[in-house]
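A short worksheet on the structure shown next.
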């Protein structure tokens, strides 16, 4: 679920076409995970953070591929 959520966030951030928005989201994802690691008393894993970062990047790449495919496709 984390993967698909961050993939959707990557697509939404990419659709803004703002480098500031993409960079802000890219910084907020690890910040939220660090807070989640520090605040609870029980130990947590960093695997969800890696999954979230990978999902965000795949969302951005997915958006770029779709935009590229739409530009190259001839209109019938």
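The values are calculated or read from the model by the stated rules, or taken from the named source; none is laboratory data. Please read all numbers here as calculations on a predicted model, not as lab measurements. Cβ coordinates were reconstructed from backbone atoms using ideal geometry, including for glycine residues, and neighbour counts include every protein chain displayed.
Kindly indicate which of 76, 67 is at pLDDT below 90, at negative phi and not in a loop (DSSP other than H, G, I, E, B).
Numbers: 76 fails: not in a loop (DSSP other than H, G, I, E, B).
Just one listed residue meets the conditions, 67.
(1) outside any helix (DSSP H, G or I); (2) touching a residue at least 40 places away in the same chain (Cβ under 8 Å): which one isn't true of residue 53, the others all being true?
The number of the failed condition is (1).
Filter the stretch 35-50 for residues that are surrounded by fewer than 12 Cβ atoms within 10 Å (Cβ to Cβ) and either assigned to a helix (DSSP H, G or I) or free of Cβ contacts under 8 Å to residues at least 12 places away in the same chain (or both) and give the result.
Residues of the stretch 35-50 that are surrounded by fewer than 12 Cβ atoms within 10 Å (Cβ to Cβ), as a first pass: 35, 38-43, 45-47.
Correct list: 35, 38, 39, 40, 41, 42, 43, 45, 47.
Regarding residue 24, is this residue under 13 Å from the mean Cα position of the chain (by Cα) and in a helix (DSSP H, G or I)?
On the way: under 13 Å from the mean Cα position of the chain (by Cα): yes; in a helix (DSSP H, G or I): yes.
Yes; evaluated as a whole, the condition is true for this residue.
Among the listed residues 22, 29, 2, 9, identify the single one that is surrounded by 12 or more Cβ atoms within 10 Å (Cβ to Cβ), within 10 Å of residue 59 (Cβ to Cβ), out of contact with any strand residue (DSSP E or B) (no Cβ under 8 Å at 6 or more places or on another chain) and without any contact (Cβ under 8 Å) to a residue 60 or more places away in the chain.
Values: 22 fails: within 10 Å of residue 59 (Cβ to Cβ); 29 fails: within 10 Å of residue 59 (Cβ to Cβ); 2 fails: within 10 Å of residue 59 (Cβ to Cβ).
On inspection, the qualifying residue turns out to be 9.
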